[in-house]
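Asks: Attaching a single structure in structure tokens format; questions to follow.
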Amino acid sequence: MTTIQELLIETWVEYGISTVLVGMRLFTRTKMVGGRLQWDDYLMILAWAFFTMMTVCAHIVSLNGDNRAMTNEQRRLLPPAERDAKILGSKFFLCGHITYVSTMWTLKLCMLLFFQRLTRGLAAEKLIKPAIAVVATTWLVEFLTLLLTCRPVSHNWQIYPDPGKLCTHESPVWYIVQVVFNVITDAVIVPIPMPLVIKAKVSTLRKLGLVVLLGAGIFVMVAATLRVVFVLSNAAPSEPAIWAMRECFVATFVGNAPMIRPMFTKKFYQGGYQDNDVSHGYTNGSVPLDAYGTAGSKNVTNRFFGSKSGTQVDIESDSTENIIEAGGSKLDPGSEFGIRVQRSVAVESQGAPSTLGDDDKKHHWTP
């Protein structure tokens with residue numbers, strides 16, 4: 001078996017596992033919230049579509065090669081069939097870079113939108129919009145870098161004469177910009193949920209599990225750095241393709257791990273996440289961190305944590321992510337890592353404040 005064959009097998013295995021992870025996420029989310037999927041769920045499907053295109057590009061580049069590492073004389077004497085193959089490979093190499101950036105940055109946006117639900121109504125939510133701006137800006141700069149570094153664009157697949165290093169996959173500009181922006185964006189995203197983890201009333205082991213679950217973007221930073229190091233030290237056509245696959249595979253796992261966690265609990269299969277339990281206020285000391293409000297709803301946080309007399313409150317229903325806050329009681333089954341997805345219905349009405357008695361216990365539904 002040749003090295004190329006081995007790399008192609010690895011490419012499709014990683015893509016296959018990533019596809020399964022996305023499918024597990026959608027299955028888990030559909031079972032827990034029905035048809036009320038969120039924007040990050042739909043963006044994950046888009047990221048998978050980009051990943052699919054990138055996998056095809058990596059396959060074609062690995063088989064055909066590209067326009068790098070040849071003298072002008074070698075380029076001039078290249079047989080027509082081999083020349084055509086390298087032109088095709090070079091075109092798909094540029095396409096692969098574009099779909100790589102699109103995959104990675106869509107996954108980053110998925111995590112930010114998930115963290116937005118996780119931190120809704122809390123101080124950490126203020127970090128989400130600036131982080132989205134950073135992700136959007138760096139994506140735009142990366143996209144322009146890919147298209148403008150080599151001009152005209154057709155030089156990216158030119159064979160003869162030599163188009164220059166900036167017009168081959170040996171170009172250091174692409175990789176340096178990518179690794180710098182990868183590290184910057186992940187450094188912005190990873191710390192956002194950490195204050196919630198610090199306040200979590202859970203054992204040290206479970207808290208470490210939360211850190212790994214929500215802070216696994218660090219592994220993506222490592223993968224991005226290794227990719228650039230290996231690509232710049234070994235410029236074989238298959239090298240950047242396979243490392244891009246590895247990085248996207250790690251990022252896909254990181255982006256879906258928090259969502260598929262409930263799938264590995266008994267409560268998930270026993271219907272424990274359904275709306276079959278009635279209580280008032282917080283459940284088992286957990287504080288819902290996602291907004292109950294939908295479009296047009298205001299002052300969600302104030303209403304949930306205690307509203308003033310005469311404040312109008314709507315009937316809302318949404319999927320929520322909970323994390324156990326300091327002072328909370330023991331986690332219920334199925335929440336081993338202190339995070340869970342649930343469907344909740346909050347019901348309040350106008351009127352003066354009163355002492356809650358038995359008749360008030362149905363004001364807040366939580367599973």
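Since every read-out is calculated from the coordinates, none of them should be taken as a lab result. Values in this document were obtained by computation on a predicted structure and should not be read as measured data. For neighbour counting, all protein chains shown are included, and Cβ atoms are generated from backbone atoms with ideal geometry for every residue, glycine included.
Asks: Explain nothing, just the number: relative contact order of region 3-260, from Cα pairs under 8 Å at least 6 residues apart, as a whole percent. Show your work: numbers first, answer last.
Replies: Working: 305 pairs, mean separation 71.5, N = 258.
Reported relative contact order: 28 percent.
Asks: Put a dot 7 Å past each Cα toward the Cβ at TYR42 and GLU82; how far apart are the dots in nm?
Replies: Each label point lies 7 Å from its Cα, and together they span 5.0 nm.
Asks: What is the sum of charges, Lys and Arg at +1 and Asp and Glu at -1, for the other residues whose Cβ falls under 10 Å from the Cβ of THR30? Let's see the in-between values first.
Replies: Numbers: positive: ARG25, ARG29, LYS31, ARG36; negative: ASP41.
Net charge in that neighbourhood comes out at +3.
Asks: Subtract the Cα-Cα distance of LEU205 and LYS266 from 0.36 nm times their separation in residues, and report this length gain in nm to one decimal.
Replies: Values: separation 61, 0.36 × 61 = 21.96 nm, distance 2.02 nm.
The span from LEU205 to LYS266 would gain 19.9 nm if fully extended.
Asks: Return the FRET efficiency for the residue pair MET24, LEU148: r is the Cβ-Cβ distance, R0 is 35 Å, and the value is rounded to the nearest 0.05. Working shown, then result.
Replies: On the way: r = 39 Å, r/R0 = 1.12.
Given R0 = 35 Å and the Cβ-Cβ separation, E is 0.35.
Asks: Let me ask something else about it. Extension gain ILE176-THR137, at 0.36 nm per residue separation less the Cα-Cα distance, in nm? Show your work: numbers first, answer last.
Replies: Numbers: separation 39, 0.36 × 39 = 14.04 nm, distance 1.64 nm.
The ILE176-THR137 span can extend by a further 12.4 nm.
Asks: Still on this structure, please answer the following. Tell me the relative contact order for region 146-278 as a rounded percent, counting alpha carbon contacts under 8 Å between residues six or more apart. Working shown, then result.
Replies: Working: 79 pairs, mean separation 25.9, N = 133.
Reported as a whole number, the value is 19 percent.
Asks: Let me ask you something else. Going down the table (LYS86/LYS165; LYS108/LYS129; LYS31/LYS201; LYS207/LYS267; LYS108/LYS199), which pairs top 18 Å between alpha carbons? List each step's numbers first, then the result.
Replies: Values: LYS86/LYS165 16 Å; LYS108/LYS129 13 Å; LYS31/LYS201 28 Å; LYS207/LYS267 21 Å; LYS108/LYS199 24 Å.
Long pairs (Cα-Cα over 18 Å): LYS31/LYS201; LYS207/LYS267; LYS108/LYS199.
Asks: All other residues with a Cβ under 13 Å from the Cβ of MET104 taken together, and with Lys, Arg as +1 and Asp, Glu as -1, what is their net charge? Don't skip to the end; give the middle numbers.
Replies: Values: positive: LYS108, ARG227, ARG246; negative: GLU142, ASP186, GLU247.
Counting the neighbours of MET104, the net charge comes to 0.
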